[in-house]
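These notes are about the structure you will find just below.
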Amino acid sequence: MKILCSSIILENGLMLCGWRHPSCIHKIKEIYGKPQKIKEQGFLTSEGKFVDRKKALDIAIKAEQYKPFENIKHNILFSEDLY
């Protein structure tokens with residue numbers, strides 16, 4: 001399993017994906033014309049599952065998409081860490 005892209009779940013249940021979390025937020029503004037409440041930010045896996053930032057970091061390390069260094073930010077994955 002690998003991390004495919006960033007993903008955001010809105011409080012209404014809609015999940016949006018993009019290269020980075022800001023691109024997801026931009027899509028929200030395009031769709032709704034205004035900001036919406038975000039329930040959770042995470043990532044989409046190659047198995048089509050949403051995972052939170054902590055689980056995503058574990059997956060990215062195991063898949064060798066991200067090499068852990070001493071500067072891991074709060075033990076969670078950021079989209080900037082992938083590309």
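Quick notes on this structure:
- Of all residues in segment 7-47 being assigned to a strand (DSSP E or B) and among the β-branched types (Val, Ile, Thr), the one that is farthest from ILE59 (Cα to Cα): ILE38
- Among the candidates ILE59, ILE8, ILE3, ILE28, residue that is surrounded by 16 or more Cβ atoms within 10 Å (Cβ to Cβ), over 13 Å from the mean Cα position of the chain (by Cα) and of a type in the set (A, V, I, L, M): ILE28
- Filter result (surrounded by 12 or more Cβ atoms within 10 Å (Cβ to Cβ) and modelled with pLDDT of 95 or more) within segment 31-51: ILE38, LYS39, GLU40, GLN41, GLY42, PHE43, LEU44, THR45, LYS49, PHE50, VAL51
The values are calculated or read from the model by the stated rules, or taken from the named source; none is laboratory data. What you are looking at is a predicted structure, and each value in this text was computed from that prediction instead of being measured. Note that we place each Cβ from the backbone using ideal geometry, even for glycine, and neighbour counts take in every protein chain shown.
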